[in-house]
Structures are given as structure tokens and as C-alpha cells.
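The values are calculated or read from the model by the stated rules, or taken from the named source; none is laboratory data. Here the structure is a predicted model, which means the values were calculated and not measured. Glycine gets a Cβ as well: all are built from the backbone with ideal geometry, and neighbour counts include every protein chain shown.
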Amino acid sequence: MLSEKAIKQVDEIIARYPAKRSAVMPALYIAQMEFGWLTPEAIEAVSEATGVPKATVKGVATFYAMYKHKPIGRHLIQLCTNVSCMIFGAERLVDIIKNKYGLEAGGTTADGRFSLVIMECIGACGTAPAMLVDTDFHENLTEENIVKILENYK
Ligand code: FES
């Protein structure tokens, strides 16, 4: 069940579209923010709110990497290791995160602080290497600044 605030947000989004089903993606995002990940209850809540069958909602949710299907840490690190980022040292940044936080790609720290997902380009090739932490974009990452940046997320 979504909170009243989330239901209001979803209703506002639905009102922007000619068809309720067009609101599935933003509604999934709202549900994910509310539940922390897309639980079966979150999928059901989006289905109810948009009138789209649960199977269709789940199909949309499993297609895109931005939706999470298991619990994640308080802060989600999405680090790109694709070509531009790799050339500028992204693999070394993965090692630094692993050594500093004991965090493997696809995993979550024991204290639940961080989860790490390796991305295939986040659209910042010109300022590589880059990562997202939650919804914050960080570019021009270096071996020196990545831990300093991550330490801002408690
Ligand atoms: S290759 Fe990393 S942002 Fe494009």
C-alpha cells in the first residue's frame, strides 16, 4: 500500500497523460522510493493505481536497470566501467570501493550503507569516469576524490 503522499504524487502524474498506463514508469519510481525496492506489494500498488495488469507492470519494471528487485543499501552507487570510463581508470575505482568498503559489484555493505551496481554508460563519457550516488551525478572521478565523495553519504 502506498502512502497518501505517494498516492497523491501518482494521481498528479496520471492526470498529465491521456491514458493511465502512461504513468506506470514514474509510478514505479515513486513506489521504489517508498518501499526501498520494488516489492510484490509495490508492483501491486502501481497496478492498482494505474489500472495496468500486475504482469505488465512487472514486465516494465524488470526491463529497466533503474528499478531494483531486491533490498539495497541506503545509498546506491552506480559506477560506469564502460569504454570511456574504463580508459580513464574506472576499474581501479571499483578496486578502491572494494578495498575501502568491502563492497563487491552487485553487493551491499554489511552495514547496509552502500550498494554497488556497475553500469554500461551513464551518459557522461566526456567527463569520465562517472557515477551516480542515489540521484547525484559525479564526474571526473579520480583515485583521490572518489572516497571523499562517498564519505558524504552516511
Ligand atoms: S562510458 Fe562511462 S559514462 Fe559513458
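Taking the criterion of being out of contact with any Phe, Trp or Tyr (no Cβ under 8 Å at 6 or more places or on another chain) and surrounded by 13 or more Cβ atoms within 10 Å (Cβ to Cβ), the residues of segment 105-115 that qualify are 105, 107, 115.
When residue 72 is tested against (1) away from the ligand (no atom under 16 Å from the Cβ); (2) free of Cβ contacts under 8 Å to residues at least 12 places away in the same chain, just one condition goes unmet, and that condition is (2). With respect to the stated conditions, residue 51 is at pLDDT below 95 and surrounded by fewer than 19 Cβ atoms within 10 Å (Cβ to Cβ).
If you check 90, 65 for being within 25 Å of residue 26 (Cβ to Cβ), within 16 Å of the ligand (Cβ to nearest atom) and either in contact with a strand residue (DSSP E or B) (Cβ under 8 Å, 6 or more places away or on another chain) or not assigned by TED's automatic domain parsing to the domain that holds residue 34 (or both), only one passes: 65.
In segment 116-128, how many are away from the ligand (no atom under 11 Å from the Cβ) and modelled with pLDDT of 95 or more?
The number of residues fulfilling the criteria is 1.
Within segment 82-96, not a single residue is under 18 Å from residue 37 (Cα atoms) and in a loop (DSSP other than H, G, I, E, B).
Within segment 77-88, residues that are among the aromatic types (Phe, Trp, Tyr) reach partners that are near the ligand (Cβ under 7 Å from one of its atoms) with beta carbons closer than 8 Å, at six or more positions or on different chains, in the pairs 88/128; 88/129.
Scan segment 128-139 and give yes if some residue there is among the polar types (S, T, N, Q) and surrounded by fewer than 17 Cβ atoms within 10 Å (Cβ to Cβ), otherwise no. Scanning segment 128-139, I find at least one residue that is among the polar types (S, T, N, Q) and surrounded by fewer than 17 Cβ atoms within 10 Å (Cβ to Cβ), so the answer is yes.
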